[in-house]
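Written out below as structure tokens is the structure these notes cover.
The values are calculated or read from the model by the stated rules, or taken from the named source; none is laboratory data. This is a predicted model, so every value here is computed, not measured. All Cβ positions, even for glycine, are placed from backbone atoms using ideal geometry, and neighbour counts span all protein chains on display.
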Amino acid sequence: MSNNRRLPYLPLLIIAIVTAITVAIVMWFKPNKSDTQSSQTDSITLENNQNISTSSDLMTDAEVIVAPNAGNTVFTTGLENLPRSLQGTDVDGEIIIDESRQLVVTEGLRRLFDYFLSALGEENEAVIYARVETYIRSHTPEPAASQAVTIFDQYIAYLKDIPEIEKRYGNLQLQATKSGELDLNAVTQQKQDVSKLRQQYFSKETITAFFGTEDDYDDYSMEMVRINQNTQLSDAQKEAAKQDYISRMPDNTTKANIAQQANLNELMTRTEQMKAKGASPEALYNMRRELVGAPAAARLAQVDQEDANFDQRFDQYQTQKQRLLSQNADKAQAQTQINQLEQQLFNDTERKRLAGYAAMQQQNAAAAQ
């Protein structure tokens, strides 16, 4: 079971923007692992349970780390007796070293820390700290191992100080969101305080690796809110301003993800509008090809055909179901016939959709009245 974590991006969800800046353990978009590795062509990646058994700097099987203030808790790999929430999962994140066995700090290292820290509450801090230190030292040669442990110390201290900033701005943000708008000035000041706190604990390189992608998304989200709150702009001008901001972003994975999300949002909006006006399949295909390319447009056209086919069979099913219920006084026998009808018209996956689909149609009909 994968345990990779990413922050689902919702640019109009204002509460999520504030939370993304201040929560103690932050989730973020995981960059493509191939991109990370291609940028480290001279690096060695130590992931999950992979060991370098030839290194004399690694812990031997006889070496253990005892968790302080945690009874008899001892670890040799850091993965013994995992808490329930982590059982059956793969260790998320990565430890990368260069040819000199120096640590190369990446966002994946922060994911590794957060993977174990997510069990806080199931395990106390001392046990989690021992797990992480043992995991690092049993998977990583020196001096990279000690460098990673030092950054983990800094990360723990940083997370402990974040709630104070959250508390300082929490009431202001609550008042602003109740009034219907986000106080961008307060958010900006809050981000500045968070930035100063990071500088107290981390090097510039670590800050970029750990928080660079997150900050890009925060900046983008804030700019989208700023544009939406500008009452002097028309809807068309707002859309143009948003596209202009995206075009001026540095060419990286973050920009690609944001641009893709913007295209998907426009695709959904324009598809609904065109279908409501009775657009032809050809017109829909041309619009989709322009936004997402020919292969995706072809797949969406196929989905449209499958949906239309399902709707046709569903209408047939509803008509025959009502006739069976009205003509048969024996409800049990009627239900048996209905079950047979469902098996005749739908496959196993489609039958699971029937109840929910019927409820959705009833809601749509009621809303249209």
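Just checking, how many residues over segment 199-239 are surrounded by 17 or more Cβ atoms within 10 Å (Cβ to Cβ) and either in the same structural domain as ILE151 (by TED's automatic domain parsing) or under 23 Å from VAL105 (Cβ atoms) (or both)?
Here the count works out to 12.
Those residues that are assigned to a helix (DSSP H, G or I) and within 17 Å of ILE151 (Cβ to Cβ), I need them from segment 78-124; list them, please.
The answer is GLU107, GLY108, LEU109, ARG110, ARG111, LEU112, PHE113, ASP114, TYR115, PHE116, LEU117.
Among helices (runs of 4 or more DSSP H) lying entirely in segment 255-352, which contain 2 or more residues that are within 35 Å of the chain's Cα centre (by Cα), more than 30 Å from MET222 (Cβ to Cβ) and aromatic (Phe, Trp, Tyr)?
Result: 294-327.
Which residue out of GLN322, GLN260, GLN305, GLN318 is assigned by TED's automatic domain parsing to the domain that holds GLN337 and surrounded by fewer than 12 Cβ atoms within 10 Å (Cβ to Cβ)?
GLN322
So, in segment 194-214, of the ones that are assigned to a helix (DSSP H, G or I) and of a type in the set (Ser, Thr, Tyr), which residue ends up modelled with the lowest pLDDT? Working first, answer last.
Filtering segment 194-214 for residues assigned to a helix (DSSP H, G or I) gives 194-201, 204-214.
Next, only the ones that are of a type in the set (Ser, Thr, Tyr) stay: 195, 201, 206, 208, 213.
Values: SER195: 95, TYR201: 97, THR206: 97, THR208: 95, THR213: 90.
Among residues in segment 194-214 that are assigned to a helix (DSSP H, G or I) and of a type in the set (Ser, Thr, Tyr), the one modelled with the lowest pLDDT is THR213.
Inspect segment 326-337 for any residue being in contact (Cβ under 8 Å) with a residue 12 or more places away in the chain, of a type outside the set (Gly, Ala, Ser) and more than 30 Å from ALA256 (Cα to Cα) and give the result as yes or no. Break it down into steps so the answer makes sense when it comes.
So in segment 326-337, the residues in contact (Cβ under 8 Å) with a residue 12 or more places away in the chain come out as 337.
From what is left, the residues that are of a type outside the set (Gly, Ala, Ser) are 337.
So of that shortlist, the ones also more than 30 Å from ALA256 (Cα to Cα) come out as 337.
Yes, segment 326-337 has at least one match.
When segment 276-319 is examined, which residues are found to be under 21 Å from GLN361 (Cα atoms) and hydrophobic (A, V, I, L, M, F, W, C)? Even if it seems obvious, please write down each step before you answer.
Within segment 276-319, the subset under 21 Å from GLN361 (Cα atoms) is 276-278, 303-319.
Correct list: ALA276, VAL303, ALA308, PHE310, PHE314.
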